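**Student:** I am attaching a structure below and will ask some questions about it afterwards.
The numbers here are math on the coordinates, done by the rules we state, and not lab data. Every value quoted in this text rests on a predicted model; they were computed, and no experiment measured them. When we count neighbours, we look across all protein chains shown, and the Cβ atoms used for this are built from the backbone with ideal geometry, even at glycine.
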Amino acid sequence: MSVSESSSAQAARQVLADRLREMCKDAGLEGKQLAALCGWHPSKVSRISTGKTSPSADDLRAWARACDAEDQAEDLVASLRAVQGMWVEWRRMEGAGLRRAQEAVLPLFERTRWFRAYSSWLVPGLLQTHGYTADVLRAVQRRRGTVDDVADAVAVRMERQRVLHEGQRLFAFLIEESVLSNGLGNADTQAEQLERLLTLGALPNVSIGIVPTRLERSRMPVEGFWIYDTAQVNVELVSGHLTITQPREVAMYADTFATLTDTAVHGAKARALINKALDPLT
């Protein structure tokens, strides 16, 4: 895992390192003593205890055993897995196909009650039509060379859209105006997608804002992101999937979303921009 991808990942990794250092101290061991008990070079203990090197699961079990704290080993391993999960390269996340990646986020969607999503390049997944989703995921599959299970992945994403109509959930979507004319498919697919935006935007629990394309705007487009309640942010980057849980970073994305919301148009003005993009297609 790269330590430069997110301060959330760095902070979580440092917490684990601090915990290991405290275990060593509580056991009355110096770094060299722990290294000898584990059969390691002392520099390895130093790198792990300062967070410069991420330990393996076996390293953690050996550390716990040397500190006479084997009962903590599996908890340490679970913490390691959580740190590793903050940054996931697409090749690892989607190596077994796109369907599994789509299924993996379902529990998060089911437990979230307040969704905020901003997209500068595509219509957000929960708002997509079947055809639009198929075009998007097909492009992803071709670009990343994953297993071709696009049809199954589309079905999973479509089924996930039930959260729009279940429970007491609120949804706020912000889309750059350029997205309205940035379809991957043909004119019919794009027209169907724009019509769906008009339909879903009429739901009482769904807000769709369009950030107009104009000069001298106060906030330039940023990477697309999702905010789940106030606990987590997911960001899709070119190289991988980033999960942010540090409260300070989550707050930064929330502030950015609020600023973009002030820049966007809603209601009749948003529908006018959608219809403007729809007119040449019908």
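Every residue, every condition in (1) buried (at least 16 other Cβ atoms within 10 Å of the Cβ); (2) assigned to a loop (DSSP other than H, G, I, E, B); (3) in contact with a helix residue (DSSP H, G or I) (Cβ under 8 Å, 6 or more places away or on another chain), yes or no:
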position	(1), (2), (3)
Gly28	no, yes, no
Leu34	yes, no, yes
Val45	yes, no, yes
Thr53	yes, yes, yes
Asp58	no, no, no
Ala62	yes, no, yes
Asp68	no, yes, no
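**Student:** Between a residue in segment 254-280 that is within 11 Å of Gly209 (Cα to Cα) and any residue that is of a type in the set (Asp, Glu) and assigned to a helix (DSSP H, G or I), which pairs come within a Cβ distance under 7 Å, given they are 6 or more apart or on different chains?
**Tutor:** Leu273/Glu177
**Student:** Name the residues in segment 166-181 that are buried (at least 16 other Cβ atoms within 10 Å of the Cβ) and either in contact with an Asp or Glu (Cβ under 8 Å, 6 or more places away or on another chain) or not β-branched (Val, Ile, Thr) (or both), would you? Before the answer, list the steps.
**Tutor:** Within segment 166-181, the first condition is being buried (at least 16 other Cβ atoms within 10 Å of the Cβ), and the residues that meet it are 169, 171-177, 179-180.
Matches in segment 166-181: Arg169, Phe171, Ala172, Phe173, Leu174, Glu176, Glu177, Leu180.
**Student:** Any idea which of Val233, Val250 is of a type outside the set (D, E, K, R), outside any helix (DSSP H, G or I), without any contact (Cβ under 8 Å) to a residue 24 or more places away in the chain and surrounded by 14 or more Cβ atoms within 10 Å (Cβ to Cβ)? First the steps, then the outcome.
**Tutor:** Numbers: Val250 fails: outside any helix (DSSP H, G or I).
Just a single option satisfies the conditions, and that option is Val233.
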